[in-house]
1. Select from segment 253-269 the residues that are surrounded by fewer than 22 Cβ atoms within 10 Å (Cβ to Cβ), under 22 Å from the mean Cα position of the chain (by Cα) and closer than 20 Å to I293 by Cβ and list them in ascending order.
2. For segment 337-386: of the residues being of a type in the set (V, I, T) and surrounded by 18 or more Cβ atoms within 10 Å (Cβ to Cβ), which is farthest from Y405 (Cα to Cα)?
3. Go through (1) in contact with a strand residue (DSSP E or B) (Cβ under 9 Å, 6 or more places away or on another chain); (2) closer than 29 Å to D54 by Cβ; (3) in contact (Cβ under 8 Å) with a residue 40 or more places away in the chain; (4) surrounded by 14 or more Cβ atoms within 10 Å (Cβ to Cβ) for S128 and report which single condition fails.
4. From T59, T40, T36, T71, which residue is surrounded by fewer than 19 Cβ atoms within 10 Å (Cβ to Cβ), closer than 29 Å to A287 by Cα and under 25 Å from the mean Cα position of the chain (by Cα)?
5. Anything in segment 365-379 that is modelled with pLDDT under 95, under 17 Å from T250 (Cβ atoms) and out of contact with any Leu (no Cβ under 6 Å at 6 or more places or on another chain)? List them, or say none.
6. Name the single residue that is nearest to the chain's Cα centre (by Cα) among those in segment 435-457 being assigned to a loop (DSSP other than H, G, I, E, B) and more than 17 Å from A104 (Cβ to Cβ).
7. Please go through segment 252-266 and give me each residue that is at pLDDT below 90 and of a type in the set (A, V, I, L, M, F, W, C), ordered by number.
Amino acid sequence: MAWQNIQNGEALSSVRSKLNTLGASFNPDAFESQRTILSTNAQVYADGTAGIADPLLTTAGWYYKNSSDITDKINWYYVGNIQADPDMTADSVSNQFAIVDVRAGGSPYFVVYTAPEGAGDAAAWFRSRTVYAPVNYDISAYVGQTVMLYWGDDPQEAPGLPRVECVRDSFSSVGPEAGAERVLFANISTSTSYPAGTYEFVVEKLGTTVASVEQLSSLSAFSGVAAETPSVDYSDTHYIELDGVNDQITVLGSGMDALDYTSTWSVGIEIESVSAVNDSSYTTLFASGDVAITLRKGGSNWGIYCFGNGNSVCQANTWYAPSAGSKILIVCTGTKIEYWLDGVRRANMSMNTTHRNAATVDPGTFHVGKGGTPTLYYTLNGWFGGLNNLMISNDAFGSNQVAEYFGTQDVSTHSYYSGDVYDFIPLGEQTYPSIAGLKGDATGILVNGTVDDFVER
């Protein structure tokens, strides 16, 4: 991977504006102490993509995954020179560092810009640009780990984390790079023109050391993901295809009770396509925390198996399998789980009270198609096939609601929609990778997918 971000430079007016806003966000007291940067701070994410909350809700910080848009990148300017005494020169900056939850092989990198002096400058708006990156800009060896990415002095922060050292990239660094040059600003960045998913990470903290003082910034993003404003009208032009390997749809929503076995709820979804492989494996439809609702691929008999805390909460052979065009509805009453397929109740299962009470969900979140929930007996795989029109309710549907749900496709036209539906999400209708409910209460994202997984009809 080669560095290819701001090779063509920026307009000088843009840089001056950036410096003005950076100056407004950095004050002398905060600069030499720990502080928090919110994801809404446009002064920091500036001319790049903003960080969002981790869609998996496992790591605090700013999440980023590059899209298929070849201009997509981050430039998070978290260091601005407003110090008068001592002045921040290049040789007074002894490191930059970031605590990074690594989820893909492409590595972010650090950049330090110095102020122009009028003669011998590398560009109109900066004198020198020094880029620091790991070898080949590659951190694929650390996927699944949280690391300390840094250049220069080994940071004092988080001594127990694996260290990934960055070194000066002579190809991308330009200018005299003299130690006495005054620092303009410094940032963490990614490059443009790489395939979607080359970069995926969560940056928890950013830091630098100036004049032997380590300065630390925690990154914070509000719960939820950056989704488009939901449309008020239903559309059915796309659906989402999952690969059965690691694709998943993560749904977030405050006050959503779905998948809590001790609560009432109903979740419905439409099947666009289904795996032709019948190997008796357990394929996960919905999951949250240690809860998973699965169908077992057994030819004409796709039984339903509901797990919690590693145990079977309830299960049933149905002797029926979903097919392309099927609708599935799962209803939880707090004591029983009902499984409805194409308007017919195929199972009405009493839950094991002990296992039900031991099961734990992640409040306000659940995953569609996510495998890997641990159990004591079985391996739970991801869903393979196309899915659409996710409906979530905090109520256990009765017979009238069930009949209406299976009667027509557009849930937003149903009589119970206003009062009984938490949200209704036509999958694939937003801009990849975002999803959004028509009511605006649920948002989400397709994790580990590609833009092609938003399938157009």
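1. Residue satisfying the conditions is D257 alone.
2. Ranking the candidates gives T375 first.
3. (2)
4. T59
5. Hits for segment 365-379 are H367, K370, G372.
6. A442
7. L252, M256 - these are the residues of segment 252-266 that are at pLDDT below 90 and of a type in the set (A, V, I, L, M, F, W, C).
This table checks each residue for (1) out of contact with any Asp or Glu (no Cβ under 9 Å at 6 or more places or on another chain); (2) within 18 Å of I328 (Cβ to Cβ); (3) among the hydrophobic types (A, V, I, L, M, F, W, C).
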| site | (1), (2), (3) |
| --- | --- |
| A396 | no, yes, yes |
| S399 | yes, yes, no |
| A403 | yes, yes, yes |
| T408 | yes, yes, no |
| S415 | no, no, no |
| S418 | yes, no, no |
| F424 | no, yes, yes |
| T431 | no, no, no |
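The values are calculated or read from the model by the stated rules, or taken from the named source; none is laboratory data. Bear in mind that the values here come from a model prediction, so they are computed numbers and not experimental data. Glycine also receives a Cβ, built like all others from the backbone with ideal geometry; neighbour counts cover every protein chain displayed.
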